[in-house]
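This report concerns only the one structure given below.
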Amino acid sequence: MKRYGWWVGLVMSAAVVAGFATAGAEETTQYVGAGKCRMCHNSASKGAQYKVWTESKHAHAFEVLGTPKALEIATAKGVKDPQKAPECLQCHVTGKGEPADHFAATFSDSSGVGCESCHGAGSKYYTRTVMLDIRSGKSKAADFGLTMPTKDTCAKCHNEKSPSGKHVDWPADSAKIAHPIPAGAETK
């Protein structure tokens, strides 16, 4: 038994050192994809937010880059393939340009401009437990990264750099894509 004692001590010491090395290290918040939001945000009683999104231009933003009109705009800008060009994808795909470890396996960039483009990467807030943890009338999800979009959120893409010329008209544009949770439904 003594001959293994040094080995056990070495392994335990390594575990303690590893624990200190990772203590305080934050887990990367990841984009999980609109499918994770769909689980809870698709019912009529919750305002059918997922359905509203699927019928929006945002949901089809990546597909639009493959249309003849997009190819025409891209060609005029010297871009060969808008579905591969970073300058197009930065506004037509959620989280484009983020490091690979910021995307969960459930994420698909072909979903266009998804929920997380406006509400922030959701790996820390998308669970039912977090979303339904209501404190002072507000979901605790905000403590885990859920954000509500502002004019500045929209203006990251809808600005003077947009080749389509679509600038954000706040609050009129936000009303066009509104998908609120009906009063009282957030706690059901």
*Tell me which lysines have Cα within less than 17 Å of K140's Cα, excluding those fewer than 8 residues away on the same chain?*
K124, K188
*Can you bin the range 100-173 into rounded, prolate or oblate? Criterion: square roots of the alpha carbon gyration tensor eigenvalues sorted a ≥ b ≥ c, rounded for a/c under 1.5, prolate for a/b above b/c, oblate for the rest.*
oblate
*asked:* Here is the link list: K51/K138; K46/K77; K36/K151; K51/K161; K138/K176. Which ones come out longer than 32 Å on Cα distance?
replied: K46/K77
*Relative to the Cα centre, what is the charge dipole magnitude of the range 28-187, using +1 at the beta carbon of each Lys and Arg, -1 at the beta carbon of each Asp and Glu, and rounding to the nearest 20 debye?*
240 debye
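Taking 0.36 nm per intervening residue step and subtracting the Cα-Cα distance, what contour gain separates K84 from D101 on full extension?
4.1 nm
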*Would you mind checking which residues have amide H under 5 Å from F103's amide H? H placed 1.01 Å from N; only 5 or more apart, or other chain.*
Y31
*Which lysines have a Cα lying under 16 Å from the Cα of K156, excluding residues fewer than 8 positions away in the same chain?*
K96, K166
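To make sure I understand, if each residue's beta carbon is the centre and we count other beta carbons within 10 Å, what order do L146, L132, L65 fall in, fewest to most?
Values: L146 20, L132 14, L65 24.
Least crowded to most crowded, the residues run L132, L146, L65.
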*Tell me, what HN-Hα J-couplings in whole Hz come from the Karplus equation 6.51 cos²θ - 1.76 cosθ + 1.60 at θ = phi - 60° for each residue of the range 44-59, using x for Gly and Pro?*
4, 5, 9, x, 6, 4, 4, 4, 4, 5, 4, 8, 8, 5, 4, 5
*What's the extension gain from S108 to L132 if we count 0.36 nm per residue and subtract their Cα-Cα distance?*
6.1 nm
*Working out 0.36 nm times the residue gap between A76 and A155, then minus their Cα-Cα distance, what length gain in nm do you get to one decimal?*
26.1 nm
_Isotropically averaged projected area of the range 28-187, using the convex hull of Cα atoms (one quarter of hull area), nm²_ = 9.8 nm²
*Can you sort V93, V64 so the residue with the fewest Cβ neighbours within 10 Å comes first?*
V64, V93
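No value in this document is a laboratory result; all are computed from the given coordinates. Just so we're clear, the structure is a prediction, and the values are computed from it rather than from any experiment. Positions of Cβ are generated from backbone atoms using ideal geometry, with glycine treated the same way; all protein chains shown enter the neighbour counts.
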